[in-house]
Amino acid sequence: MKDICISVVIPVYNCEKTLKRCIDSILAQTIIDKIEIIMVNDGSSDSSFEVMNDYYNKYPETIRILSQYNRGQSVARNLGINLATGKYVGFVDGDDYINNCFYEKMLELMDESTDLVISKRYNINQLNEKYEKRPKEEINNCSIRDNKKALSKTSTFVCDKLFKLSVIKKGNIYFPEKYRYAEDLYFLVIYKYYSGKMKISNESVYFYRKKSDSITNSCDIRWMDICKVLGEIQLFLLKGTVFLNMLKNF
(Lines give C-alpha, C1' and ligand atoms only; values in the text may rest on other atoms or scores of the structure.)
Protein backbone atom coordinates (compact mmCIF):
# COMPACT_ATOMS: atom_id res chain seq x y z
CA MET A 1 0.00 0.00 0.00
CA LYS A 2 1.40 3.39 -1.02
CA ASP A 3 1.88 6.13 1.56
CA ILE A 4 0.04 8.89 -0.29
CA CYS A 5 1.22 12.46 0.23
CA ILE A 6 -0.20 14.25 -2.83
CA SER A 7 -3.48 13.62 -4.65
CA VAL A 8 -3.43 14.89 -8.24
CA VAL A 9 -6.91 15.48 -9.69
CA ILE A 10 -7.36 15.45 -13.48
CA PRO A 11 -10.76 16.37 -14.96
CA VAL A 12 -10.92 14.75 -18.40
CA TYR A 13 -13.09 15.92 -21.28
CA ASN A 14 -12.36 15.11 -24.94
CA CYS A 15 -8.58 15.35 -24.69
CA GLU A 16 -7.55 12.06 -26.30
CA LYS A 17 -4.70 13.72 -28.23
CA THR A 18 -3.00 15.26 -25.20
CA LEU A 19 -4.02 13.03 -22.27
CA LYS A 20 -1.15 10.54 -22.61
CA ARG A 21 1.47 13.25 -22.31
CA CYS A 22 -0.36 14.67 -19.32
CA ILE A 23 -0.48 11.33 -17.48
CA ASP A 24 3.08 10.41 -18.44
CA SER A 25 4.37 13.69 -16.99
CA ILE A 26 2.79 12.85 -13.64
CA LEU A 27 3.98 9.24 -13.67
CA ALA A 28 7.50 10.61 -14.32
CA GLN A 29 7.46 12.64 -11.09
CA THR A 30 10.53 12.15 -8.91
CA ILE A 31 8.24 11.41 -5.94
CA ILE A 32 5.67 9.28 -7.80
CA ASP A 33 5.76 6.80 -4.91
CA LYS A 34 4.00 9.47 -2.80
CA ILE A 35 1.40 10.43 -5.43
CA GLU A 36 -2.06 9.17 -6.34
CA ILE A 37 -3.70 10.22 -9.61
CA ILE A 38 -7.48 10.66 -9.62
CA MET A 39 -8.92 11.02 -13.12
CA VAL A 40 -12.57 11.94 -13.61
CA ASN A 41 -14.04 11.47 -17.08
CA ASP A 42 -16.58 14.24 -17.61
CA GLY A 43 -18.68 12.55 -20.28
CA SER A 44 -16.05 12.54 -23.04
CA SER A 45 -17.32 11.58 -26.49
CA ASP A 46 -13.86 10.67 -27.86
CA SER A 47 -11.50 7.91 -26.70
CA SER A 48 -10.33 9.73 -23.55
CA PHE A 49 -11.93 7.18 -21.23
CA GLU A 50 -10.23 4.32 -23.06
CA VAL A 51 -6.88 6.08 -22.54
CA MET A 52 -7.68 6.48 -18.84
CA ASN A 53 -8.64 2.83 -18.52
CA ASP A 54 -5.45 1.64 -20.24
CA TYR A 55 -3.32 3.58 -17.74
CA TYR A 56 -5.39 2.36 -14.81
CA ASN A 57 -4.79 -1.27 -15.88
CA LYS A 58 -1.03 -0.61 -16.02
CA TYR A 59 -0.78 1.40 -12.77
CA PRO A 60 -3.65 0.31 -10.48
CA GLU A 61 -1.75 1.25 -7.31
CA THR A 62 -1.26 4.83 -8.49
CA ILE A 63 -4.29 5.63 -10.63
CA ARG A 64 -7.98 5.81 -9.80
CA ILE A 65 -10.56 6.51 -12.51
CA LEU A 66 -14.20 7.56 -12.42
CA SER A 67 -16.73 8.52 -15.03
CA GLN A 68 -19.78 10.80 -15.01
CA TYR A 69 -22.06 12.30 -17.61
CA ASN A 70 -21.00 15.77 -18.73
CA ARG A 71 -21.53 17.96 -15.65
CA GLY A 72 -18.56 20.30 -16.04
CA GLN A 73 -15.01 20.66 -14.80
CA SER A 74 -16.02 21.96 -11.37
CA VAL A 75 -18.11 18.89 -10.58
CA ALA A 76 -15.26 16.63 -11.74
CA ARG A 77 -12.71 18.45 -9.57
CA ASN A 78 -14.99 18.43 -6.54
CA LEU A 79 -15.44 14.69 -6.91
CA GLY A 80 -11.66 14.34 -7.01
CA ILE A 81 -11.30 16.43 -3.84
CA ASN A 82 -13.81 14.23 -2.03
CA LEU A 83 -11.85 11.12 -3.00
CA ALA A 84 -8.40 12.53 -2.22
CA THR A 85 -6.40 10.71 0.48
CA GLY A 86 -3.21 12.80 0.32
CA LYS A 87 -2.21 15.58 2.68
CA TYR A 88 -1.91 17.87 -0.34
CA VAL A 89 -3.99 18.31 -3.49
CA GLY A 90 -2.88 19.38 -6.96
CA PHE A 91 -4.85 19.86 -10.17
CA VAL A 92 -3.68 19.17 -13.72
CA ASP A 93 -5.86 19.57 -16.81
CA GLY A 94 -5.85 16.82 -19.43
CA ASP A 95 -4.45 19.16 -22.11
CA ASP A 96 -1.43 20.16 -20.02
CA TYR A 97 1.71 18.64 -18.49
CA ILE A 98 4.35 19.32 -15.81
CA ASN A 99 8.12 18.96 -15.42
CA ASN A 100 9.35 15.89 -13.55
CA CYS A 101 10.30 17.66 -10.30
CA PHE A 102 7.09 19.70 -10.19
CA TYR A 103 5.65 18.23 -7.00
CA GLU A 104 8.95 17.41 -5.30
CA LYS A 105 10.07 21.05 -5.36
CA MET A 106 6.66 22.32 -4.27
CA LEU A 107 6.52 19.84 -1.43
CA GLU A 108 9.92 21.03 -0.18
CA LEU A 109 8.44 24.49 0.41
CA MET A 110 5.40 23.30 2.35
CA ASP A 111 5.59 23.62 6.13
CA GLU A 112 3.32 24.27 9.09
CA SER A 113 2.77 27.95 8.27
CA THR A 114 2.73 27.57 4.46
CA ASP A 115 -0.55 26.47 2.90
CA LEU A 116 -0.05 27.34 -0.77
CA VAL A 117 2.86 26.87 -3.18
CA ILE A 118 2.83 28.48 -6.63
CA SER A 119 4.87 27.33 -9.63
CA LYS A 120 6.25 28.98 -12.73
CA ARG A 121 4.13 28.45 -15.86
CA TYR A 122 4.60 28.36 -19.61
CA ASN A 123 1.64 29.17 -21.85
CA ILE A 124 1.83 27.24 -25.13
CA ASN A 125 -0.05 28.57 -28.15
CA GLN A 126 -1.29 26.83 -31.29
CA LEU A 127 2.13 27.24 -32.94
CA ASN A 128 3.74 25.47 -29.98
CA GLU A 129 5.44 28.70 -28.91
CA LYS A 130 6.07 28.98 -25.16
CA TYR A 131 5.61 32.14 -23.10
CA GLU A 132 6.96 32.20 -19.56
CA LYS A 133 4.77 33.36 -16.68
CA ARG A 134 6.56 33.79 -13.36
CA PRO A 135 4.79 34.36 -10.03
CA LYS A 136 5.25 37.81 -8.50
CA GLU A 137 8.11 37.68 -5.99
CA GLU A 138 6.47 40.43 -3.95
CA ILE A 139 3.91 37.93 -2.59
CA ASN A 140 6.46 35.23 -1.73
CA ASN A 141 6.30 34.02 1.88
CA CYS A 142 3.28 36.12 2.84
CA SER A 143 -0.49 35.84 3.29
CA ILE A 144 -3.41 38.16 2.59
CA ARG A 145 -3.25 39.13 6.26
CA ASP A 146 0.19 40.72 6.01
CA ASN A 147 0.24 41.72 2.34
CA LYS A 148 -2.98 42.78 0.61
CA LYS A 149 -1.35 42.20 -2.79
CA ALA A 150 -1.38 38.46 -2.08
CA LEU A 151 -5.11 38.44 -2.79
CA SER A 152 -4.74 39.41 -6.45
CA LYS A 153 -1.06 39.14 -7.41
CA THR A 154 -1.16 35.47 -8.42
CA SER A 155 -2.52 33.76 -11.51
CA THR A 156 -6.18 32.77 -11.31
CA PHE A 157 -5.28 29.17 -12.24
CA VAL A 158 -5.37 26.39 -9.67
CA CYS A 159 -3.26 24.01 -11.75
CA ASP A 160 0.04 25.81 -11.14
CA LYS A 161 -0.40 25.47 -7.38
CA LEU A 162 -0.31 22.95 -4.52
CA PHE A 163 -2.97 23.07 -1.79
CA LYS A 164 -3.41 21.55 1.66
CA LEU A 165 -6.41 19.24 1.87
CA SER A 166 -6.89 20.19 5.54
CA VAL A 167 -7.44 23.86 4.58
CA ILE A 168 -9.91 22.86 1.85
CA LYS A 169 -11.86 20.73 4.32
CA LYS A 170 -11.70 23.31 7.11
CA GLY A 171 -13.12 26.03 4.88
CA ASN A 172 -15.48 23.66 3.05
CA ILE A 173 -13.98 25.03 -0.16
CA TYR A 174 -15.25 23.68 -3.46
CA PHE A 175 -15.46 24.81 -7.06
CA PRO A 176 -18.84 26.49 -7.81
CA GLU A 177 -20.71 23.95 -9.91
CA LYS A 178 -23.23 26.33 -11.48
CA TYR A 179 -20.52 28.19 -13.41
CA ARG A 180 -18.40 27.09 -16.37
CA TYR A 181 -15.91 29.96 -16.24
CA ALA A 182 -13.90 31.75 -13.50
CA GLU A 183 -14.49 28.84 -11.10
CA ASP A 184 -10.73 28.70 -10.47
CA LEU A 185 -10.79 32.31 -9.28
CA TYR A 186 -13.55 31.62 -6.77
CA PHE A 187 -11.80 28.57 -5.34
CA LEU A 188 -8.46 30.37 -5.10
CA VAL A 189 -9.72 33.51 -3.36
CA ILE A 190 -11.70 31.53 -0.78
CA TYR A 191 -8.70 29.27 -0.20
CA LYS A 192 -6.40 32.27 0.35
CA TYR A 193 -8.87 33.60 2.91
CA TYR A 194 -8.56 30.46 5.03
CA SER A 195 -4.86 29.82 4.45
CA GLY A 196 -1.57 31.03 5.85
CA LYS A 197 1.52 31.91 3.86
CA MET A 198 2.18 31.21 0.19
CA LYS A 199 5.54 30.48 -1.37
CA ILE A 200 6.94 30.40 -4.90
CA SER A 201 8.75 27.55 -6.62
CA ASN A 202 10.50 28.59 -9.83
CA GLU A 203 11.91 25.07 -10.21
CA SER A 204 8.41 23.67 -10.67
CA VAL A 205 7.03 24.30 -14.17
CA TYR A 206 3.46 23.89 -15.39
CA PHE A 207 2.91 23.78 -19.17
CA TYR A 208 -0.49 25.21 -20.02
CA ARG A 209 -1.70 24.49 -23.55
CA LYS A 210 -4.04 27.22 -24.83
CA LYS A 211 -6.83 25.83 -27.01
CA SER A 212 -8.33 27.86 -29.85
CA ASP A 213 -11.87 26.77 -28.93
CA SER A 214 -11.58 27.52 -25.21
CA ILE A 215 -13.84 30.05 -23.49
CA THR A 216 -10.80 32.22 -22.80
CA ASN A 217 -10.05 32.58 -26.51
CA SER A 218 -13.59 33.23 -27.74
CA CYS A 219 -16.45 35.63 -27.17
CA ASP A 220 -18.95 33.49 -25.29
CA ILE A 221 -22.07 34.02 -23.17
CA ARG A 222 -20.25 32.10 -20.44
CA TRP A 223 -18.05 35.15 -19.94
CA MET A 224 -20.96 36.48 -17.89
CA ASP A 225 -19.90 33.96 -15.26
CA ILE A 226 -16.99 36.29 -14.41
CA CYS A 227 -19.39 38.95 -13.14
CA LYS A 228 -21.41 36.41 -11.17
CA VAL A 229 -18.33 34.82 -9.62
CA LEU A 230 -16.90 38.22 -8.65
CA GLY A 231 -20.22 39.04 -7.02
CA GLU A 232 -20.11 35.86 -4.94
CA ILE A 233 -16.51 36.54 -3.93
CA GLN A 234 -17.45 40.05 -2.82
CA LEU A 235 -20.31 38.76 -0.67
CA PHE A 236 -18.05 36.17 0.93
CA LEU A 237 -15.22 38.58 1.72
CA LEU A 238 -17.50 41.24 3.17
CA LYS A 239 -18.75 38.73 5.73
CA GLY A 240 -15.31 38.44 7.31
CA THR A 241 -13.07 40.88 9.18
CA VAL A 242 -9.88 40.09 7.23
CA PHE A 243 -11.04 41.85 4.07
CA LEU A 244 -12.48 44.80 6.00
CA ASN A 245 -9.12 45.29 7.73
CA MET A 246 -7.41 45.16 4.33
CA LEU A 247 -9.71 47.89 2.98
CA LYS A 248 -8.62 50.24 5.76
CA ASN A 249 -5.04 50.00 4.49
CA PHE A 250 -5.76 50.72 0.81
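Things worth noting here:
- P(r), alpha carbons of the range 10-87 - 5 Å bins starting at zero, rounded %: 3, 16, 28, 26, 19, 7, 1
- Residue order by solvent-accessible surface for Cys22, Cys101 is Cys101, Cys22, largest first, with ligands and nucleic acids left out and a 1.4 Å probe.
- Evaluated with a Cβ-only charge set (Lys, Arg +1; Asp, Glu -1), the chain carries a dipole of roughly 880 debye about its Cα centre, given to the nearest 20.
- Accessible surface calculations at 1.4 Å, restricted to protein heavy atoms, place the chain at 49 Å² per residue.
- Over the range 117-236, the pair-distance histogram of Cα-Cα distances with 10 Å bins from zero comes to 12, 39, 37, 11, 0 percent, rounded to whole numbers.
- Accessible surface ranking for Glu104, Glu129, Glu61, 1.4 angstrom probe, highest first: Glu61, Glu129, Glu104.
- Over the chain: helical MRE at 222 nm, DSSP H runs n ≥ 4 each giving -39500 (n - 2.57), nearest 500: -9500 deg cm²/dmol
- Sparse packing (at most 15 other Cβ atoms within 10 Å of the Cβ) combined with a DSSP loop state is found for the following chymotrypsin sites (Phe, Trp or Tyr not before Pro) in the range 1-73: Tyr69.
- Cut-off 15 Å between beta-carbons: net charge of the residues surrounding Lys197, Lys and Arg +1, Asp and Glu -1: +2
- Sequence-distant residues sharing a close amide H with Cys142 (under 5 Å, placed H): Met198
- Cross-link pairs exceeding 20 Å between alpha carbons, from the set Lys133/Lys161; Lys20/Lys87; Lys17/Lys87; Lys149/Lys199: Lys20/Lys87; Lys17/Lys87.
The values are calculated or read from the model by the stated rules, or taken from the named source; none is laboratory data. Here the structure is a predicted model, which means the values were calculated and not measured. Using ideal geometry, Cβ is built from the backbone for each residue, glycine included, and neighbour counts are taken over all protein chains shown. Protein only, heavy atoms only, side chains kept; ligands, DNA and RNA dropped before computing areas. Shrake-Rupley method; radii C 1.70, N 1.55, O 1.52, S 1.80 Å.
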